[in-house]
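All remarks here apply to the structure that follows.
We did not get these values from a lab; they are worked out from the coordinates using the rules stated. Just so it is clear, the model here is predicted, and its values are computed rather than measured. Backbone-built Cβ (ideal geometry, glycine too); neighbour counts: all protein chains shown.
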Amino acid sequence: MSTWVVVVAAGRGRRFGAPKQFALLGGRPMVQWALDAARPVADGVVLVLPAAPDAEGSPAPTPVGADVVVAGGDTRAQSVRAGLAAVPDSATVIVVHDGARPLASPALFAAVVGAVCAGADGAVPALAVADTLKRVEGDRITGTVARAGTVAVQTPQAFAAGVLRRAHHAGGEATDDAGLVESLGATVRIVPGDPRNIKVTTAADLEVARALAAT
Ligand code: CTP
Ligand code: MG
């Protein structure tokens, strides 16, 4: 078994207002937290960073602890593919993790990798959905989504290497890798997610992450 982790951190952070993966949390950029949490399960780590300097022209600080650093693409899926291209053929398990999820624990990485080692094509952390979900057209509600049978999923997401490569081969788009793997008809299992493992999307989320990191 050889496990490689791809940390995607090439987004522009439009909703946050800046490339949030470099925002400081407890004195370290968020992406550094993600790299540090990935390290214990990883035989190698590929870090995917923005291709161009940010709007102010300042180069992003390069985090430490990655074996390979590559430039990302215009979409998350393209950035994952750029990372995958740098993962050696010898890797048997590939984990994809968002640089904007600084509070994923090493135990969560171990859990998804463990599920793939136990035979699943893929494994993702999942949490019960607490809110009521509605379908809408514009500002009008057209229906209620039955919450039973739904979960919210996080990263890190682990996959058998061949399955993930096949899922990305056609160049499809999805907001997570499990979405592409599911469309192959492969088996993706869930493991218990971690409520602390929030994705930082807005500036308010960073305040929540800072509060969580302090506990
Ligand atoms: N990501 C990436 N390459 C992209 C887009 C996203 O590597 N072209 C990464 C982000 O850096 C982040 C993760 O994918 O770690 C999840 O994406 P998201 O939260 O949407 O981040 P951004 O795309 O940066 O934010 P926004 O959508 O608000 O612009
Ligand atoms: Mg985005």
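Name the residues whose placed amide hydrogens come within less than 5 Å of the amide hydrogen of ALA86, ignoring near sequence neighbours (fewer than 5 apart) on the same chain.
none
Ranked from highest to lowest mean number of other Cβ atoms within 10 Å per residue, what is the order of the peptides 67-79, 36-48, 138-150? Let's see the in-between values first.
Numbers: 67-79: 17.4, 36-48: 21.1, 138-150: 8.6.
The peptides rank, most packed first, as 36-48, 67-79, 138-150.
GNM, the chain, Cα, under 10 Å: largest mean-square fluctuation among LYS134, LYS20, LYS199?
Answer for the Gaussian network model of the chain: LYS134.
Grab the DSSP H runs of the chain that are 4 residues or longer, score each as -39,500 (n - 2.57), total them, divide by all residues and round the 222 nm result to the nearest 500 deg cm²/dmol. If you can, show how the numbers build up before the last one.
Working: 6 runs with 56 residues, N = 215.
-7500 deg cm²/dmol, from helical runs alone.
Give the range of the longest stretch in the chain that excludes all GluC sites (Glu not before Pro) found in loop regions by DSSP and having at most 16 other beta-carbon atoms within 10 Å.
Numbers: sites that count: GLU56, GLU173.
The segment 57-172 is the longest one with no such site.
Set the Förster distance to 22 Å, then compute FRET efficiency between ASP131 and THR187 from the Cβ-Cβ distance, nearest 0.05. Could the numbers behind the result be given before it?
On the way: r = 28 Å, r/R0 = 1.26.
According to the calculation, E is roughly 0.20.
Starting with the fewest neighbours, write out LEU24, LEU108 ranked by other beta-carbon atoms found within 10 Å of each beta-carbon. Walk me through the intermediate numbers first.
Working: LEU24 11, LEU108 24.
Least to most surrounded, the residues fall as LEU24, LEU108.
Which of rounded, prolate or oblate describes the chain when judged by the alpha-carbon gyration tensor and an a/c cut-off of 1.5?
Values: a/c = 1.37, a/b = 1.05, b/c = 1.31.
Rounded is the answer for the chain, as its axis ratio a/c remains below 1.5.
Obtain the nm distance between the two label points defined at ARG147 and HIS169 by a simple spin-label model: each point lies 7 Å from its Cα along the Cα-to-C-beta direction.
Simple spin-label model gives 4.1 nm for this pair.
Only Lys, Arg, Asp and Glu count, each charged at its Cβ (+1, +1, -1, -1), so figure out the dipole size of the chain about its Cα centre, rounded to 20 debye.
Working: 19 positive and 19 negative charges, 67 e Å.
Value, rounded to 20: 320 debye.
Report ³J(HN,Hα) in whole Hz for each residue of the stretch 177-194, in order, from the Karplus equation J = 6.51 cos²θ - 1.76 cosθ + 1.60 where θ = phi - 60°; Gly and Pro get x.
Taking θ as phi minus 60°, the curve returns 6, 4, x, 6, 5, 4, 5, 7, x, 7, 8, 10, 9, 9, 10, x, x, 10 Hz for the stretch 177-194.
For MET1, MET30, what ranking results if the residue with the fewest other Cβ atoms within 10 Å of its Cβ goes first? Working shown, then result.
Working: MET1 9, MET30 27.
Going from sparsest to densest Cβ surroundings: MET1, MET30.
Whole angstrom only: what separates the Cα centroid of the stretch 92-167 from the Cα centroid of the stretch 66-90?
For the stretch 92-167 versus the stretch 66-90, the Cα centre distance is 20 Å.
Cut-off 14 Å, label point 7 angstrom out along Cα-to-Cβ of THR201: give me the residues of the stretch 1-36 whose amide nitrogen falls inside.
13-17
When only Cα pairs under 8 Å and 6 or more residues apart are kept, what is the percent relative contact order across the chain? Don't skip to the answer; put the middle values down first.
On the way: 452 pairs, mean separation 52.7, N = 215.
With pairs under 8 Å counted, the relative contact order is 25 percent.
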